[in-house]
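Have a look at the structure below, then the notes.
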There are 2 protein chains.
Amino acid sequence: MIQEVRVFAPASVANVAVGYDILGFAIEKPGDEIVARFSDTPGLRIVSITGDNGRLPYEVEKNTAGYAAQRLLAQWGKAELGIELEIHKKMPFGSGLGSSAASAAGAVMAIKSLLGSSATKMQCMRAAVEGEQKADGAFHADNVAPSLLGGFTLIRSNKALDIISLPVPNDLCAAVIYPKVEVLTKSARDILSPQLSLTTCIAQTGNLAAFISSLYTGDFELMARSLQDVWIEPQRASLIPYFKEVQEAAKANHALGCSISGAGPSIFALCRGISQAEKCIEPMRAIFQKAGIPHQTYVSAINQTGATLINKTN
Amino acid sequence: MIQEVRVFAPASVANVAVGYDILGFAIEKPGDEIVARFSDTPGLRIVSITGDNGRLPYEVEKNTAGYAAQRLLAQWGKAELGIELEIHKKMPFGSGLGSSAASAAGAVMAIKSLLGSSATKMQCMRAAVEGEQKADGAFHADNVAPSLLGGFTLIRSNKALDIISLPVPNDLCAAVIYPKVEVLTKSARDILSPQLSLTTCIAQTGNLAAFISSLYTGDFELMARSLQDVWIEPQRASLIPYFKEVQEAAKANHALGCSISGAGPSIFALCRGISQAEKCIEPMRAIFQKAGIPHQTYVSAINQTGATLINKTN
């Protein structure tokens, strides 16, 4: 019988230029690690949190990973099981890369793995989204779904958690840069106009539908024409220093498209092939370097595995 | 050498619930027929128009089909060729089924066929859209594209005429009813709010993206969940008498979804299989019958051919 598991859950890029609140994809790194093990003491406890500089609460109900695990155990009628959780944050907070979502996705995957459950990841989704809600305030799956399932995910309805896995064209890679400046999710939301124009919506929906098509057909030229956010990005670009310069540098250097990751400040580019992504990230990095803004870069294929068991102890 | 051609161009359903101004599909019937033949008199002339009750102009520049043909000939440097056009309207005006678009699509297909051109239909698109603009006022391809190309079409950008043919799942059929009440396209546009809310846009884009996915995967259950217009239909439904009743009847009787065709007043339902579509249309028809509103019904598979040569004379 399994006694302990270690799970990795990847960072994710939400919105993806054309799918505000509905699209996301996972990247290979960074990501969080969650350890779960059986304990003789009944109930769920968080026994260790690392990499958070003391920012995360140990109270299960207040902690994204803890609450996600608790909700899943409650859903399965196993709330009384003695389980210890360790949370190892290996990715930055407030980066726009779905840090809290990764912890929530990792937690449900850890519980599922520890219990040897045959439940699908989709059946663990609601608990993970409820966990992430503890950090985010809103019930939405646009980071949790890609972190848990991997690949590109579409949220048809957050309320119904109607989530569709979309295909990932061969060779599709991401170049991501996280400039270490603070963009509060709340500010990024408050800056958005509550209304948009009919013409903006038509342009955005044309791009969205074409982008979905390009995922199915692998038509990279269409993808490049489609990856244009005419709605959210123009409203949020000013929150991220040098955004326009970085975007232009990416587009001039092999990017199929480049936009804000989630609520920012991270910026992602999609590229065809890992070497293109590596070429693409350099001029993006150079801009923040020159400006003296600390930053971190991540280049990888699209993560198609999602949250995954990396170690178990019997 | 070909001396005369006869072309059929099908009716089409634009918007398709979730793709205002960007989506459309063609149906097998009704449709217009356009005849083109060489003449010894230089220049393009319209020599016969039937089925229009005298409503359409014979002046080439004012006529949708005439102008589309003229634009294509000009594009090919063949403006001086002696060509006669006949326009046989075999579908209702103002029905929301793309009547003028069918004439324009038929005209360019007739010219292409008469001249034996190897140009693709896509290369004839701009001329057809310019022709349809004569009737509609706006430059948009949401009816012209499906009528010319067949199947489901997506307009990523009207301005750039970036048009994508989407796959049609096996067995997908349409039940269409045209109640003979007048809905002016202008009224249908004027009734629309120039703005929409962020939450409406998120819900609509979720449905749109999921619908596109369902066309690629043939997931009819997803299609049924997706075919919900939360944006345009609520604003326009009141323009069509008994719309809600007809929609409910369709959904209660095998429809995957049911909404307004184009600017109305026609109402379409998508169904799985022709027999389901035939069962679906009956209760829809019964509502208009009971209300004493004259109507016409059309049940067919999705037309995957688009404008097509049906006869030629050497």
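Summary table below
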| item | result |
| --- | --- |
| Any hit, the stretch B:216-224, residues being within 30 Å of B:Ala107 (Cβ to Cβ) and either under 23 Å from the mean Cα position of the chain (by Cα) or among the hydrophobic types (A, V, I, L, M, F, W, C) (or both) | no |
| Unmet requirement for B:His254, which otherwise passes all of (1) at pLDDT below 95; (2) farther than 25 Å from A:Asp162 by Cα; (3) not β-branched (Val, Ile, Thr) | (2) |
| Residue list for the stretch B:167-194, filter: within 30 Å of A:Tyr216 (Cβ to Cβ) and touching a residue at least 60 places away in the same chain (Cβ under 8 Å) | B:Val168, B:Asp171, B:Leu172, B:Cys173, B:Ala174, B:Ala175, B:Val176 |
| One residue from B:Ala286, B:Ala209 being among the aliphatic types (A, V, I, L, M), surrounded by fewer than 23 Cβ atoms within 10 Å (Cβ to Cβ) and part of a helix (DSSP H, G or I) | B:Ala286 |
| Residue tally, condition touching a Lys or Arg at 6+ places or on another chain (Cβ under 9 Å) and within 18 Å of A:Val168 (Cα to Cα), over the stretch A:238-282 | 5 |
| Residues of the stretch B:21-48 classified as surrounded by fewer than 24 Cβ atoms within 10 Å (Cβ to Cβ) and of a type outside the set (Asp, Glu), total | 13 |
| Any hit, the stretch A:122-133, residues being under 17 Å from A:Leu309 (Cα atoms), in the same structural domain as A:Ala9 (by TED's automatic domain parsing), surrounded by fewer than 15 Cβ atoms within 10 Å (Cβ to Cβ) and not acidic (Asp, Glu) | yes |
| Among the candidates A:Ala69, A:Ala138, residue that is surrounded by fewer than 19 Cβ atoms within 10 Å (Cβ to Cβ) and either of a type outside the set (Ser, Thr, Tyr) or at pLDDT 95 or above (or both) | A:Ala138 |
| Residues located in the stretch A:200-211, provided they are within 7 Å of another protein chain (Cβ to nearest Cβ) and of a type outside the set (Gly, Ala, Ser) | A:Cys201, A:Ile202, A:Thr205, A:Asn207, A:Leu208 |
| Boolean, B:Pro265 is modelled with pLDDT of 95 or more and assigned to a loop (DSSP other than H, G, I, E, B) | yes |
| Condition check for B:Ala160: surrounded by fewer than 24 Cβ atoms within 10 Å (Cβ to Cβ) and more than 10 Å from chain A (Cβ to nearest Cβ) | no |
| Listing of strands (runs of 3 or more DSSP E) fully contained in the stretch B:1-97 that carry 2 or more residues being within 14 Å of chain A (Cβ to nearest Cβ) and in contact (Cβ under 8 Å) with a residue 24 or more places away in the chain | B:23-38 |
| Test: B:Gly116 is buried (at least 24 other Cβ atoms within 10 Å of the Cβ) and either within 18 Å of B:Ile302 (Cα to Cα) or touching a residue at least 40 places away in the same chain (Cβ under 8 Å) (or both) | no |
| Residue within the stretch B:168-185 that is facing chain A (nearest Cβ under 9 Å) and modelled with pLDDT of 95 or more present | no |
| Residue check for A:Pro265: away from chain B (no Cβ under 11 Å), surrounded by fewer than 23 Cβ atoms within 10 Å (Cβ to Cβ) and either within 18 Å of the chain's Cα centre (by Cα) or farther than 19 Å from A:Leu166 by Cβ (or both) | no |
| Residue that is farthest from the other protein chains (Cβ to nearest Cβ), among those in the stretch A:243-257 that are touching a residue at least 60 places away in the same chain (Cβ under 8 Å) and over 27 Å from B:Leu215 (Cβ atoms) | A:Val246 |
| Checklist (1) of a type outside the set (S, T, N, Q); (2) touching a helix residue (DSSP H, G or I) at 6+ places or on another chain (Cβ under 6 Å); (3) free of Cβ contacts under 8 Å to residues at least 60 places away in the same chain; (4) over 21 Å from B:Leu227 (Cα atoms) applied to B:Gly292, failing item | (2) |
| Which listed residue is in contact (Cβ under 8 Å) with a residue 24 or more places away in the chain, closer than 26 Å to B:Ala138 by Cβ and either within 9 Å of chain A (Cβ to nearest Cβ) or out of contact with any Gly (no Cβ under 9 Å at 6 or more places or on another chain) (or both), from B:Ile232, B:Ile240 | B:Ile232 |
| Candidates B:Ser197, B:Ser226, B:Ser214 - the one that is touching a residue at least 40 places away in the same chain (Cβ under 8 Å), under 24 Å from A:Ile163 (Cβ atoms) and within 7 Å of chain A (Cβ to nearest Cβ) | B:Ser226 |
| Search result, residues across the stretch A:272-283 that are crowded, with 17+ Cβ neighbours inside 10 Å and more than 13 Å from A:Ala249 (Cβ to Cβ) | A:Arg272, A:Gln276, A:Ala277 |
| A:Asp142 vs. criteria free of Cβ contacts under 8 Å to residues at least 60 places away in the same chain and of a type in the set (Asp, Glu) | no |
| Subset of the stretch A:77-128 [hydrophobic (A, V, I, L, M, F, W, C), in contact with a Ser or Thr (Cβ under 7 Å, 6 or more places away or on another chain) and more than 20 Å from A:Glu28 (Cα to Cα)] | A:Ile83 |
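The values are calculated or read from the model by the stated rules, or taken from the named source; none is laboratory data. If you're wondering where the values come from, they're calculated on a predicted model, not measured in any experiment. All Cβ positions, even for glycine, are placed from backbone atoms using ideal geometry, and neighbour counts span all protein chains on display.
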